[in-house]
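**Q** Questions regarding the structure given below will be posed in turn.
Rule-based calculations on the coordinates, nothing more; no lab input. Treat the numbers as computed from the prediction; the structure is a model and nothing was measured. A quick note on method: Cβ atoms are made from the backbone with ideal geometry, for glycine too, and the neighbour counts reach across all protein chains shown.
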Amino acid sequence: MLIAAILFILRSRGPILANISKLVDIIFLPFSFIYLFNFVCVALGDYLNSSFFFDLLYVIAPLFIFIPVVKVDYENIQSNLGRILSIQIICEIFVLTNYKVDSNKILDNVNRSQIIFSIFLVLFAYLVLKRWGYHFYLGLKLNNQFQWKVFIPVLLFGFYMVFFNAFLTTNPKSIGELIWKWNFEWLNPAESQYFGSALEVFLNAADAGVTEEVWRYLTIIILLVMLKNNKHKISLTILISSLLFGLLHFNQLLSPDRNLTDVIIQSLGAVGLGIFLGSLFLYSGQI
């Protein structure tokens, strides 16, 4: 934060220092704010023996902490490449700064699921798109040849593929088990190594759905603008956004129970699913 403050003072000395200062703000200020806020909440909670209040404050405060940073620095990013990188950075920041809440089980579920981050990302998307001169539409249909007879089978296949990817029986012993037998045991909080309660299962699912799709929405819009003069702009947008989506999953390396092989497999799966869902989104304009 001291370096960011010094560079801010030196911004008027020239465009190079000004650009470096903005870059440092975009990368480090949000992280510094959250990390410092984390430290203060934990310290005060321990000192005053009132951890619930400070845990609650920590959980909801990120919704507001980033707004000044967005208004001051993110709106000044002129490069589309810089905008895509800034979106990537903002998602990684929350992964790096999350900490465990102990005072209340509901608060712990909310914090572990990072559902607050998904709410923040919706607010962030609205603010940055507006300040970058774009309109925020929930629909983005680019294909005027929409046909229900094409859409319904593709959508059904999408549902099947999601179940296949998430709930495939471990070590299937037959073709039947490989194709249609699902294993939902890991969703049982009593047996799961990931989730502490049923509430966290639902919050985690909601967080993944909102966070990843808002991130994809932002990335797709910017790529379409970047590639507007390329005749393959839709195909390239889907491919590049899917590759970035796969790279985003490398933050799983920070988890102590994940190794590089697991993360690479997950990231490749995210790229493939991202291509399918990106195509479905630009075809239907809604899903």
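**Q** For Gln78 and His135 in one chain, what is 0.36 nm times their gap in residues minus the Cα-Cα distance, to one decimal in nm? Before the final figure, lay out each step's value.
**A** Working: separation 57, 0.36 × 57 = 20.52 nm, distance 1.65 nm.
Stretched fully, the Gln78-His135 segment lengthens by 18.9 nm.
**Q** Amide H of Leu168 versus every other amide H placed in the peptide plane: which residues, excluding those fewer than 5 positions away on the same chain, fall under 5 Å?
**A** Amide H to amide H, under 5 Å and 5 or more residues apart or across chains, Leu168 pairs with Asn183.
**Q** Right, another one. Within the set Lys130/Lys228; Lys149/Lys228; Lys22/Lys130, which residue pairs have Cα atoms separated by over 27 Å?
**A** Beyond 27 Å: Lys149/Lys228.
**Q** Is region 242-287 best put as rounded, prolate or oblate by its Cα gyration tensor, with a ≥ b ≥ c the root eigenvalues, rounded for a/c under 1.5, and otherwise prolate when a/b is larger than b/c, oblate when not?
**A** The shape class here is prolate.
**Q** May I ask you to compute the full-extension gain from Ile16 to Trp148, defined as 0.36 nm times their residue separation minus their alpha-carbon distance, rounded to one decimal in nm?
**A** Value of the extension gain: 42.2 nm.
**Q** Cut-off under 20 Å on the C-alpha distance; same-chain residues fewer than 8 positions from Lys105 excluded. Which aspartates and glutamates are left, in chain and number order?
**A** Asp46, Asp55, Glu191, Glu200, Asp207
**Q** In a shell of Cβ-Cβ distance under 15 Å around Gly274, excluding Gly274 itself, what net charge do Lys and Arg (+1) and Asp and Glu (-1) give?
**A** Within the 15 Å Cβ shell, the charges total -1.
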